[in-house]
1. How far is helix 104-115 tilted off the main Cα axis of the chain, in degrees rounded to 10, range 0 to 90?
2. Of the trypsin sites (Lys or Arg not before Pro) in segment 181-211, which ones lie in a loop per DSSP and count no more than 10 other C-beta atoms within 10 Å?
3. Modelled label-to-label distance, residue 200 and residue 2, 7 Å Cα→beta-carbon offset: nm?
4. Heavy-atom accessible area per residue, the chain, 1.4 Å probe: how many Å²?
5. Show me the three semi-axes of the equivalent ellipsoid for segment 23-68, from the C-alpha gyration tensor (sqrt of 5 times each eigenvalue), largest first, rounded to whole Å.
6. Ordering 207, 185, 55 by accessible area with a probe of 1.4 Å, largest first, what comes out?
7. Among residues other than residue 172 whose Cβ falls under 14 Å from its Cβ, what is the net charge (Lys/Arg +1, Asp/Glu -1)?
8. Taking square-rooted eigenvalues a ≥ b ≥ c of the alpha carbon gyration tensor, is the chain rounded, prolate or oblate, where a/c under 1.5 means rounded and, failing that, a/b exceeding b/c means prolate?
Amino acid sequence: MRVFLVDDHAVFRSGVRAELSRETDMEVVGEAGGVAEAIAGIKATDPDVVLLDVHMPDGGGVAVLAGIEEGPVCLALSVSDAAEDVIAVIRAGARGYVTKTISGAELADGIRRVSGGDAVFSPRLAGFVLDSFTGKSQVPEPPLDPELDSLTPRELEVLRLLARGYTYREIAENLFISVKTVETHASNVLRKTQQSNRNALTRWAHHRRID
């Protein structure tokens with residue numbers, strides 16, 4: 001089973017790698033400490049499971065999930081047990097969420113389970129997700145916005161970078177795609193958001209706090 005580690009603390013990654021090296025059915029094929037590095041590494045190594053940190057200085061688990069789109073199974077591994085973090089990363093596509101208090105054996109078991117199709121959560125965290133789906137969660141649902149909801153994860157990532165003032169070439173380098181692909185995504189974003197040009201799109205994005 002091929003595993004990729006994403007965490008901004010190198011010492012923690014080393015510890016996880018050491019724990020998983022004891023498992024005869026697992027191989028750590030790569031690791032990354034930031035969003036862009038993670039997206040590139042995951043695409044290059046094609047792992048079965050990604051262990052994904054939730055908070056990193058240049059973004060976090062949600063940004064990585066948006067960048068890899070339909071890739072490997074992702075299991076969030078975080079120091080945070082806040083409901084909003086759990087729900088956000090599960091909504092973004094992670095298959096489970098465990099905290100860093102988990103033992104090495106429990107983590108290995110969780111990796112096997114998500115790889116096999118199960119959903120895995122540390123104790124009490126599953127309740128946050130159940131509450132979210134049953135409408136009992138204290139974490140507010142994101143407001144309905146048909147134009148925003150029509151964007152794909154990749155288009156949303158391009159929108160964020162456009163709103164920050166990145167050029168098409170810089171966006172291409174950041175997302176590891178071609179300039180032509182960026183142009184196509186930007187055109188789709190303009191059409192779906194019904195904005196006439198990039199300046200209008202930037203104002204539209206800032207109004208929705210997308211940056």
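The values are calculated or read from the model by the stated rules, or taken from the named source; none is laboratory data. Please read all numbers here as calculations on a predicted model, not as lab measurements. When we count neighbours, we look across all protein chains shown, and the Cβ atoms used for this are built from the backbone with ideal geometry, even at glycine. Surface accessibility is based on the protein's heavy atoms, side chains included, excluding ligands, DNA and RNA. Shrake-Rupley method; radii C 1.70, N 1.55, O 1.52, S 1.80 Å.
1. Rounded to the nearest ten degrees, it is 50.
2. Here the sparse-neighbourhood loop sites are 209.
3. 4.5 nm
4. With the other protein chains kept in place, the chain gives 52 Å² per residue.
5. 19, 11, 9
6. Ranking 207, 185, 55 by accessible area, largest first, yields 207, 55, 185.
7. -1
8. Here the chain falls in the oblate category.
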